[in-house]
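S.K.: Just dropping this structure here.
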Amino acid sequence: MATAFGTGGPFSANTTPGFGTSSGLGSTGAGGVLSNTTLNPNNDFLVSEPPNDTVSSLRFSPAALLPRNFIVATTWDNEVRLWEVHSNGSTQGVGLIRHEAPVLAAVWKSDGTRIFSAGCDRVCRMWDPATNAVDTVAYHDAPIRHCAFVGEHSGVAGSPFLMTASWDRTLKYWDIRAPPNPAQSGGGAMGTVALPERCYAMDVNGSLAVVGTADREVLWFDLRQPLQPAGRKTSPLRYQTRCISIFADRTCFAISSVEGRCGIEYLQDTSKSFAFKCHRVDQGAGGQERITPVNCVTAFPSTAPDLVDVLATAGGDGRVNIWNKAAKVKTKGFKEVSLPIVALEFNANGSILAYAMGYDWSQGASGYARFQSVPPAQRNTIFLHAVQDDEIRSKSTNARPPVRKGLF
């Protein structure tokens with residue numbers, strides 16, 4: 001079911017280029033929510049009408065819609081919400097659809113005209129925000145953890161297609177022009193690949209797809225030959241995989257886990273691969289290090305030589321960090337928010353970094369008590385950060401050093 005929320009119609013008023021140019025940056029959040037040092041210590045914009053439950057993913061609109069920016073959030077209370085982000089940092093609700101169960105992932109069609117969402121109801125839906133039409137375009141036998149759209153400029157010959165990866169241990173490819181058939185073998189998918197375990201993480205960039213599964217296995221695919229993995233290895237990290245993000249030049253990908261570390265894995269020159277600590281909190285002299293999961297990792301979208309090495313991570317410690325993998329430095333560390341960060345995403349040109357806080361269950365019931373102590377209106381906040389040039393560029397003369405020795 002599709003409904004509207006907020007005051008704007010689907011894809012309504014236009015905006016001007018740029019973001020965060022208002023002189024009141026951070027003085028009030030979008031929608032009139034006042035900033036304070038507890039809720040918003042980084043003085044970022046707040047998305048209006050935030051979800052009522054924890055965010056499972058954030059997705060910005062593709063480059064085809066620039067200079068306009070839209071952002072989609074999927075949530076554990078079955079919703080897919082869409083906002084337009086204006087150049088002064090304010091946001092306006094555009095629309096909302098509901099699934100029959102928690103929604104785990106979303107992705108945009110490359111031309112920005114459709115949004116695909118998938119989750120625990122074991123289907124992927126295609127939503128047209130301009131008309132509010134919703135169609136089911138994919139089926140699985142278990143919850144769908146990730147979805148991706150392979151578009152016209154991917155380098156893959158033939159028609160664009162949809163990819164879905166599920167806890168039923170399969171990766172499937174779909175022709176969105178052909179209605180799926182749940183009674184048919186594979187639901188009517190164009191192709192199906194058996195995975196070694198349940199899909200926990202996936203990213204697609206051009207013709208490269210990387211999938212991480214529950215047994216710490218990592219498979220990558222050349223989507224010009226999509227039915228056979230081009231490579232496979234065990235994750236360099238010791239514990240459960242949380243997230244994968246492919247760098248813009250497609251030479252490597254970042255992988256994160258629950259152990260507070262992130263790995264950089266090169267596909268060809270594997271000698272360049274390494275791992276580093278990024279979300280571990282030092283408790284002080286004689287104190288024990290607090291290890292938190294790296295819930296999110298996202299590579300910067302630019303292929304410019306001085307920006308292709310940039311990535312951002314976020315975790316259970318409530319912090320967002322921006323890194324340069326070539327220089328092996330942290331170029332920006334955000335102040336800690338009151339809850340874990342559960343979703344993170346750069347927009348198409350890298351001028352905005354969105355992050356959402358909520359509860360990730362990494363601390364069990366005791367952590368949930370902390371979550372409940374936060375006022376309900378602030379528990380599932382989505383922040384929009386205007387990315388500054390000095391936060392993403394690393395120069396040998398003034399680059400910030402790692403947090404401590406031995407970080408990398």
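S.K.: Can you confirm whether the stretch 178-195 contains a residue that is under 21 Å from the mean Cα position of the chain (by Cα) and at negative phi?
M.R.: Looking through the stretch 178-195, none of the residues is under 21 Å from the mean Cα position of the chain (by Cα) and at negative phi.
S.K.: Only one of these conditions is not met by residue 393: (1) basic (Lys, Arg); (2) touching a Leu at 6+ places or on another chain (Cβ under 8 Å); (3) at pLDDT below 80. Which number is it?
M.R.: Residue 393 satisfies every listed condition except (3).
S.K.: Restricting the first residue to the stretch 172-187 and requiring it to be farther than 12 Å from residue 162 by Cα, which pairs with a second residue that is among the charged types (D, E, K, R) meet a Cβ separation below 7 Å and a spacing of at least six or different chains?
M.R.: Listed pairs, sorted by first residue: 186/172.
S.K.: Does residue 157 count as closer than 23 Å to residue 63 by Cβ, touching a residue at least 24 places away in the same chain (Cβ under 8 Å), touching a Phe, Trp or Tyr at 6+ places or on another chain (Cβ under 6 Å) and in a loop (DSSP other than H, G, I, E, B)?
M.R.: No: the conditions fail for residue 157.
S.K.: Now a separate question. Can you tell me how many residues in the stretch 160-170 are buried (at least 24 other Cβ atoms within 10 Å of the Cβ) and out of contact with any Phe, Trp or Tyr (no Cβ under 8 Å at 6 or more places or on another chain)?
M.R.: The total comes to 2.
S.K.: Right, something else. Is it fair to say residue 273 is surrounded by 20 or more Cβ atoms within 10 Å (Cβ to Cβ) and in contact with a strand residue (DSSP E or B) (Cβ under 6 Å, 6 or more places away or on another chain)? Steps first, answer last, please.
M.R.: Working: surrounded by 20 or more Cβ atoms within 10 Å (Cβ to Cβ): no; in contact with a strand residue (DSSP E or B) (Cβ under 6 Å, 6 or more places away or on another chain): yes.
No.
S.K.: Spot the failing condition for residue 260; the list is (1) crowded, with 19+ Cβ neighbours inside 10 Å; (2) out of contact with any His (no Cβ under 9 Å at 6 or more places or on another chain), and only one is missed.
M.R.: Every condition holds for residue 260 apart from (2).
S.K.: Can you tell me which residue is farthest from residue 42 (Cα to Cα) among those in the stretch 334-349 that are of a type in the set (A, V, I, L, M) and not in a strand (DSSP E or B)?
M.R.: So, considering only residues that are of a type in the set (A, V, I, L, M) and not in a strand (DSSP E or B), the one farthest from residue 42 (Cα to Cα) is 348.
S.K.: To continue, here is another question. Any idea which of (1) modelled with pLDDT of 65 or more; (2) buried (at least 22 other Cβ atoms within 10 Å of the Cβ); (3) not in a strand (DSSP E or B) is the one residue 19 doesn't satisfy?
M.R.: Residue 19 satisfies every listed condition except (1).
S.K.: Where in the stretch 70-151 are there strands (runs of 3 or more DSSP E), lying fully within it, with 1 or more residues that are free of Cβ contacts under 8 Å to residues at least 60 places away in the same chain, aliphatic (A, V, I, L, M) and in contact with a Leu (Cβ under 9 Å, 6 or more places away or on another chain)?
M.R.: Details: elements: 79-85, 91-98, 103-108, 115-119, 123-128, 133-139, 144-150.
By residue number, 79-85, 103-108, 115-119, 123-128, 133-139, 144-150.
Per-residue answers, yes or no, for (1) of a type in the set (Asp, Glu); (2) crowded, with 22+ Cβ neighbours inside 10 Å; (3) more than 24 Å from residue 244 (Cβ to Cβ); (4) out of contact with any strand residue (DSSP E or B) (no Cβ under 6 Å at 6 or more places or on another chain):
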site: 116; (1), (2), (3), (4): no, yes, no, no
site: 119; (1), (2), (3), (4): no, yes, no, no
site: 142; (1), (2), (3), (4): no, no, no, no
site: 151; (1), (2), (3), (4): no, no, no, yes
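S.K.: Which numbered condition in (1) farther than 17 Å from residue 210 by Cβ; (2) in contact with a Gly (Cβ under 6 Å, 6 or more places away or on another chain) is the only one that residue 255 fails?
M.R.: Of (1) farther than 17 Å from residue 210 by Cβ; (2) in contact with a Gly (Cβ under 6 Å, 6 or more places away or on another chain), only one is false for residue 255: (1).
S.K.: If you go through the stretch 265-311, how many residues are farther than 25 Å from residue 62 by Cβ and either part of a strand (DSSP E or B) or under 19 Å from the mean Cα position of the chain (by Cα) (or both)?
M.R.: 15
S.K.: Scan the stretch 319-333 residue by residue and report those that are buried (at least 19 other Cβ atoms within 10 Å of the Cβ) and either free of Cβ contacts under 8 Å to residues at least 24 places away in the same chain or not in a strand (DSSP E or B) (or both).
M.R.: 319, 325
S.K.: Next up: So, in the stretch 288-308, exactly how many residues are touching an Asp or Glu at 6+ places or on another chain (Cβ under 7 Å) and buried (at least 16 other Cβ atoms within 10 Å of the Cβ)?
M.R.: 6
S.K.: Moving to a separate point now. Can you tell me which of 238, 224, 242, 250 is among the charged types (D, E, K, R) and touching a Phe, Trp or Tyr at 6+ places or on another chain (Cβ under 8 Å)?
M.R.: 242
S.K.: Now a separate question. Could you tell me whether any residue of the stretch 70-83 is closer than 24 Å to residue 161 by Cα, touching a Pro at 6+ places or on another chain (Cβ under 6 Å), aromatic (Phe, Trp, Tyr) and buried (at least 21 other Cβ atoms within 10 Å of the Cβ)?
M.R.: The answer is no, given that none of the residues of the stretch 70-83 is closer than 24 Å to residue 161 by Cα, touching a Pro at 6+ places or on another chain (Cβ under 6 Å), aromatic (Phe, Trp, Tyr) and buried (at least 21 other Cβ atoms within 10 Å of the Cβ).
S.K.: Of everything in the stretch 334-388 that's surrounded by fewer than 20 Cβ atoms within 10 Å (Cβ to Cβ) and among the charged types (D, E, K, R), which residue is farthest from residue 60 (Cα to Cα)?
M.R.: 370
The values are calculated or read from the model by the stated rules, or taken from the named source; none is laboratory data. Just so it is clear, the structure is predicted and the values come from calculations on it, not from any experiment. All Cβ positions, even for glycine, are placed from backbone atoms using ideal geometry, and neighbour counts span all protein chains on display.
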